[in-house]
Structures are given as C-alpha cells and as structure tokens.
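Since every read-out is calculated from the coordinates, none of them should be taken as a lab result. All values reported here derive from a predicted model rather than from experimental measurement. Positions of Cβ are backbone-derived with ideal geometry, glycine not excepted, and every protein chain shown enters the neighbour counts.
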Amino acid sequence: MRSLFHFAFNVTDLDMARRFYGGVLGCTEGRSTATWVDFDFFGHQISLHLGEPFKTAATGHVGEHRVPMPHFGLILALPDWQAMAQRLQAAGTDFVLKPHLRFEGQPGEQWTMFFLDPFGNPIEVKGFASLEQVYAL
C-alpha cells in the first residue's frame, strides 16, 4: 500500500472553501468542526483551517514561465486532467497559467495548469499520458 499525503493550510471562509473544493474541484468532504474541514483531495487528505493563508510569490522558474511558490497540486491521468480543465473553465476560473502542454516530446511531457483557490492558495494540476512518465529523466 502506498502512503497518503496530508496537507493542512489556511483559508478565511469554510463555506467558500466547501463551494470551491467540494463544488468546483469535486472533492468529497470529510470530518469538520467550526474551525476546519477535511477533504479527500483525489485520494489524499487536505485540512483547511480558518486563518491567514500563506504568502506566495511568482519566484519559481519552469521553462519560460514564472510560477507561484510555494504551491501544491496533483498529478492526474490525461483524461482526468482534461475533465478537470473543462470543469475549471466552465466555473470561470482565472488561471495563473492556462492549461497547456510543456516539455513536448521530452521525458516528462505533461499538461499543466495553475490557478488560485478563492483565498490565494496556488494549485498546480499536471496531466500525463502515462503516470509512469512522472519521474522520467
């Protein structure tokens, strides 16, 4: 059995978080209290706590793009990534980096997109034709 990843971070409004993570991203809600809520983030646990979100800046360099750091995200099989991109576009998401292909024809070829949750937390979602290529050299 592989390990599950747990990530806890701050948001300023739990109801808004439920609408975004549950409604837009399609994550299933888990346990909650008046100050935090858990979600099944595609097989991993995220815990959203009331508080000040972490500060980020576009200091990461990937190819010709600058990306927000720190950020978190997930890797999906390409059909699931395409469905996620369509769901985000239909929800009117303002992308930091619109869905696009990078490293075309190279090891690690991937589709990627960056966007912010309603609290400014940066999220990257990658799509691979084969998940065996995630760590390709």
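Suppose we keep just the DSSP beta bridges with both residues in the chain; what percent of those would be antiparallel, to 5? Counting DSSP beta bridges with both partners in the chain, the antiparallel share is about 65 percent.
Only alpha carbons enter this Debye calculation for the range 4-63, each as an equal point scatterer, and the log10 of I(q)/I(0) it gives at q = 0.17, 0.28 Å⁻¹ is -0.59, -1.15.
Based on alpha-carbon atoms, the Kirkwood radius and the radius of gyration of the range 57-133 give Rg/Rh equal to 0.95.
Rounded to the nearest 20, the size of the Cβ-charge dipole of the chain about its Cα centre is 40 debye, with Lys and Arg at +1 and Asp and Glu at -1.
For the chain, with equal point scatterers placed on the C-alpha atoms only and solvent neglected, what are the log10 I(q)/I(0) values from the Debye formula at q = 0.09, 0.13, 0.14 1/Å, to two decimals? The Debye formula, applied to the Cα set alone, gives -0.27, -0.58, -0.67. What's the angle, to the nearest 10 degrees (0 to 90), between helix 78-90's Cα axis and the longest principal axis of the chain? Its long axis makes an angle of about 50 degrees. At R0 = 25 Å, how high is the FRET efficiency between residue 28 and residue 134 if r is their beta carbon distance? Nearest 0.05 is fine. Here the calculated transfer efficiency is 0.55. Compared with the alpha-carbon gap, the fully stretched path from residue 50 to residue 6 is longer by 14.2 nm at 0.36 nm per residue. Would any residue of the range 49-77 have its amide N under 11 Å from a label point 7 Å out along Cα→Cβ of residue 94? List them or say none. Those under the cut-off are none; the list is empty.
Taking amide hydrogens as placed 1.01 Å from N in the peptide plane, the amide H of residue 136 sits under 5 Å from those of 108, each at least 5 positions away in sequence or on another chain. Placing dummy labels 7 Å off each Cα toward the beta-carbon, the span from residue 104 to residue 75 is 2.2 nm.
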